[in-house]
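One structure is given below, encoded as structure tokens.
The values are calculated or read from the model by the stated rules, or taken from the named source; none is laboratory data. No experiment lies behind these values; they were computed from the predicted model shown. Neighbour counts are summed over all protein chains in view; Cβ atoms, including those assigned to glycine, are modelled from backbone coordinates with ideal geometry. These area figures cover heavy atoms from the full protein model, side chains too; ligands, DNA and RNA do not enter into them. Shrake-Rupley method; radii C 1.70, N 1.55, O 1.52, S 1.80 Å.
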Amino acid sequence: MQSSFLGIEIAKTALFANQRAQQTVAHNVSNANTPGYSRQRVILEATHTAYGMGANWQIGTGVKVSDVDRIRDEFTDRQYRNENSSLGQWNIQSDILKQVETVFNEPSDIGIASVLNEFWKGLETLSKDAASQEARETVKEKGITLANTINHAVTQLNDIVSDINYRISIQVNEVNSIASQIAQLNLQIRQAETGGASAADLKDSRDLLLDKLSNLVQFESYEDENGIFSINVGGAILVKGPDSANMEFDTSVADGTIKWKEYSSDVRILKGELKGLIELRDDKLENYLDQLDKFTQTFADEFNAIHETGYNLDGETGIKFFEYANGVLSVNPDIVSNPSKIAAAEEEDGIPSDNRIALELANFRYKTIDIDGRNCTIDDYYGTIIAKIGVDSQEATRAADSQAFMVSQLNERRQMTSSVSLDEEMTKMIQYLHGYNAASRIVTTVDEMLDTIINRMGV
């Protein structure tokens, strides 16, 4: 036989359920502007039924909160993080390639092209008056300026490479830190869910870290049949449940590589800022430095080959104008101390008026030579270096802009699903308030009925 107090018990479950739902609404409203927060929804469920007298019918026993659901679109999350990895890769490349463009600063009055042009002009002036000490002084100074400008560009490019290596080491540490935090959250989530509590807020914190990690490196995340959450980077486990692996930046090898500390193998990075940095350092910047080295080496060798055949004002021949060693270009110290040693004459008997070597040196800018398998002038080869940098920079900027738009669209789609709508929450607040009030009235009504039975019947 069912209890006379069953009605109060049913109303009590309704009171508690609506109260819990109201608390969830309040929690949603409080976190409407919290980054990474996903709105929550109380899942209500009817409790098991009791049999009536004679077991011919059943009566409900109330309601309970079966779970607090976190509204999240996991498919869109995966899309967002995949595209965010590409965004991180192109953003970092666009940013650094703009620095590379600043190094060369073309076109400008202080770029290598402009300084090289001034050097040619100085040689033209010398070819018009081979006996002029003033013209020789000008050629010497223009040569020193050209050497310093090229050396400065090489130094700045090497500084950018060093900065990239520093950034890689910082980001490797950041990946390790995020992985450790996610592993700790995995433990807390499992403990909470094992105890029957909701881990929605902890999962929001984990998703926020996953978003941050996706900007650094591409990964795959999944939860197995045992509820263990894992992160896979390039085929290796970064996080598995409460455990995380560590990356390390190995600088003991040339250019430095990223290795797994636990697996003793290289990390396979497909996208993300780390991929962008490594690709820039090993491909693009290495190529720019190599091309600039070939430009400088060929220019010095070919120019010296002409200069060594000529005679200076002292009747000497076989003297180099430039010296290029260990990646540093300089003007011959003998010429720096005595510009008279600049060769201008083709024959010793023609000194000082013979200008044929000076004229050949001035016309060297128009001479087609073989540079790195290409037949072109020295000016044209330098132009191809600048053009390549410009194209690479434009491509990175265009790709970064395109990815930023795509990531923005995906993020808006995520927000449509998981963000808090204050209008919707206000509606639910009223709904649960009426449910709570109605349950209270039931308690009052059942109390009055029991009062009638206990205190008034049989009087």
Open item on the list: Quick test of your reading of the structure: residue 43 fulfils all but one of (1) within 30 Å of residue 311 (Cβ to Cβ); (2) free of Cβ contacts under 8 Å to residues at least 40 places away in the same chain. Name the failing condition by number.
Closed with: (1)
Task: Given (1) under 30 Å from residue 158 (Cβ atoms); (2) part of a loop (DSSP other than H, G, I, E, B); (3) modelled with pLDDT of 90 or more, number of the condition residue 110 does not satisfy - done: (3)
Open item on the list: Pairs please, first residue from the range 182-193 and on the phi > 0 side of the Ramachandran plot, second anywhere and not in a helix (DSSP H, G or I), Cβ atoms under 8 Å, 6+ apart in sequence or on different chains.
Closed with: none
Task: Subset of the range 355-397 (residues that are over 20 Å from residue 157 (Cα atoms), aliphatic (A, V, I, L, M) and part of a helix (DSSP H, G or I)) - done: 357, 358, 359, 361, 362, 378
TODO: Could you check how many residues of the range 318-351 are closer than 16 Å to residue 131 by Cα and in a strand (DSSP E or B)?
DONE: 1
Task: Count of residues meeting criterion [over 17 Å from the mean Cα position of the chain (by Cα) and of a type in the set (Ser, Thr, Tyr)] in the range 164-218 - done: 4
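Kindly indicate which of 176, 165 is at pLDDT below 95 and either surrounded by fewer than 18 Cβ atoms within 10 Å (Cβ to Cβ) or closer than 30 Å to residue 273 by Cα (or both). If you could, list the steps in order and put the result at the bottom.
Details: 176 fails: at pLDDT below 95.
The unique qualifying residue is 165.
Please determine whether any residue of the range 140-151 is assigned to a helix (DSSP H, G or I), among the β-branched types (Val, Ile, Thr), at pLDDT 95 or above and under 37 Å from the mean Cα position of the chain (by Cα). Give the steps one after another, and end with the answer.
Restricting attention to the range 140-151, the residues satisfying the condition of being assigned to a helix (DSSP H, G or I) are 140-151.
Okay, now just the ones that are also among the β-branched types (Val, Ile, Thr), so 144-145, 149-150.
Filter once more, so that each one left must be at pLDDT 95 or above: 144-145, 149-150.
When the remaining residues are screened for being under 37 Å from the mean Cα position of the chain (by Cα), the result is 149-150.
Scanning the range 140-151 turns up at least one residue that is assigned to a helix (DSSP H, G or I), among the β-branched types (Val, Ile, Thr), at pLDDT 95 or above and under 37 Å from the mean Cα position of the chain (by Cα).
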Task: Single residue of 25, 42 found to be at pLDDT 90 or above, of a type outside the set (S, T, N, Q), open to solvent by less than 30 Å² (accessible area, probe 1.4 Å) and not in a helix (DSSP H, G or I) - done: 42
Task: Complete set of residues in the range 88-107 that are open to solvent by 20 Å² or more (accessible area, probe 1.4 Å), hydrophobic (A, V, I, L, M, F, W, C) and modelled with pLDDT under 95 - done: 103
Open item on the list: Six or more apart or on different chains, Cβ atoms under 7 Å: show the pairs whose first residue is in the range 252-278 and among the hydroxyl-bearing types (Ser, Thr, Tyr) and whose second is open to solvent by 60 Å² or more (accessible area, probe 1.4 Å).
Closed with: 257/266
